[in-house]
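Participant: Dropping the structure in here first, questions after.
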Amino acid sequence: MPSDNNIEASISEARSATAPKAADKILDVAFDLFYREGIRAIGVDEIVRRAGVTKPSLYRSFPSKDELAASYLRKYDLEFWERFDEAVDAHPGDPRAQIIAFLTRVGKRTQKPDYRGCGMTNAAVEYPEHGHPARVVSENNKLELRRRLRAMAKAIGAPDADTLGDGLLLLIEGAYISGQLFGLGGPAATVARNADLLIEASLKK
C-alpha cells in the first residue's frame, strides 16, 4: 500500500505535468484574442473563460496581464523570425531576393480577410509608455528588424545602405497598417514590387 508521502508526491507530479498544458492553453487563447481584438480590449476573465481554466491557474503561470501580453509577443517574435529566416534560407547569398521573398509573403498575408497587421506594431501603439513589458518586446523586435535590413542593404551593395534599410522598414510598416485599412486589393499587396523598385533606385545613385 503506498504511503501518504508517495501519494502526495504523485499528486505533486500530476500537478506539475498539467501546469504547462494549462499555461500553453492560456497562451494560445491569449495569442488569438490579443492579435484579433487588441491587448487592452481583452480582459483576463475572457481569457480564462475561453481557455477553460481558472483565474488562479492563469496567475500561477503569468503573474500579471502585462506579463501575459509580453509572453504573447515573445511567441509572436519567434514566429516572425521563423518566417523571416525561411525567406532568407530560400535564397542563400542573395540578400535582394531574400528581402523580396519575405515581402512577397507579407503582401500575400495582407490580403487575407482576418489580417490584423503586425502584432508588434499594434502593441507599440497600444502601449506608448517606454518600459512596459509588451512595449519592450515590440521595440526589440523592430530594432532587430532595422538592423537586419540595414545589413542586407549593405550586402546588396547600396551606396547608402542605412537609408535603404530604413526605407524598406518604412515600406513594411506601411504594409502592416494599410493592409488593415484597405484589405483585399489594397496597396500592401504590392509591397514587394515597391521594395524592388526602391532597391533598384538606390543602386543607381
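Quick note: the coordinates plus some simple rules give every number you see, no bench work behind them. Here the structure is a predicted model, which is why all the values come from computation and not from measurement. Cβ: placed from backbone, ideal geometry, glycine included. Neighbour counts: every protein chain shown.
Participant: Give, in whole angstrom and from largest to smallest, the semi-axes √(5λ) of the equivalent ellipsoid of the chain, with λ running over the eigenvalues of the Cα gyration tensor. Walk me through the intermediate numbers first.
Facilitator: Details: eigenvalues 338, 71, 44 Å².
That gives 41, 19, 15 Å for the three semi-axes.
Participant: Among the lysines, which fall within straight-line cross-link reach of Lys204, defined as a Cα-Cα distance under 25 Å, with same-chain neighbours fewer than 8 residues apart omitted?
Facilitator: Correct list for Lys204: Lys154.
Participant: Still on this structure: If the reach is capped at under 12 angstrom between alpha carbons, list the aspartates and glutamates near Lys142, excluding any in the same chain fewer than eight residues apart.
Facilitator: Output for Lys142: Asp77, Asp166, Glu173.
Participant: Straight-line reach from Lys55: which lysines fall under 29 Å, measuring Cα to Cα and dropping same-chain residues less than 8 apart?
Facilitator: Within the straight-line limit of under 29 Å, Lys55 reaches these lysines: Lys21, Lys25, Lys65, Lys75.
Participant: Quick check on packing: order 186-199, 48-61 by the mean number of other C-beta atoms within 10 Å, highest mean leading. Please report the intermediate quantities before stating the final value.
Facilitator: Working: 186-199: 19.0, 48-61: 15.6.
Ranked by mean Cβ neighbours within 10 Å, highest first: 186-199, 48-61.
Participant: Another one. Along Cα→Cβ, 7 Å out, is where each label goes; now give me the distance between the ones at Ala90 and Arg147 in nm to one decimal.
Facilitator: Spacing of the two 7 Å Cα→Cβ label points: 2.5 nm.
Participant: Determine Rg/Rh for the stretch 19-93; Rg is computed over alpha-carbon atoms and Rh is the Kirkwood hydrodynamic estimate from the same atoms. It would help to have the intermediate numbers written out before the result.
Facilitator: Numbers: Rg = 14.7 Å, Rh = 13.2 Å.
Checking Rg against Rh, the ratio lands at 1.11.
Participant: Right, next: I need the calculated FRET efficiency for the pair Thr54 and Leu78, taking r as the beta carbon distance and R₀ as 30 Å, to the nearest 0.05.
Facilitator: Details: r = 27 Å, r/R0 = 0.91.
Once the sixth-power term is evaluated, E becomes 0.65.
Participant: Run through all the Cα pairs of the stretch 60-167 and give the fraction in each 10 Å bin from 0, expressed as whole percent.
Facilitator: 14, 38, 33, 14, 2, 0
Participant: Then there's this: Which three lengths, in whole Å and largest first, does the stretch 112-205 cover when its Cα atoms are put on their principal axes?
Facilitator: 40, 35, 15
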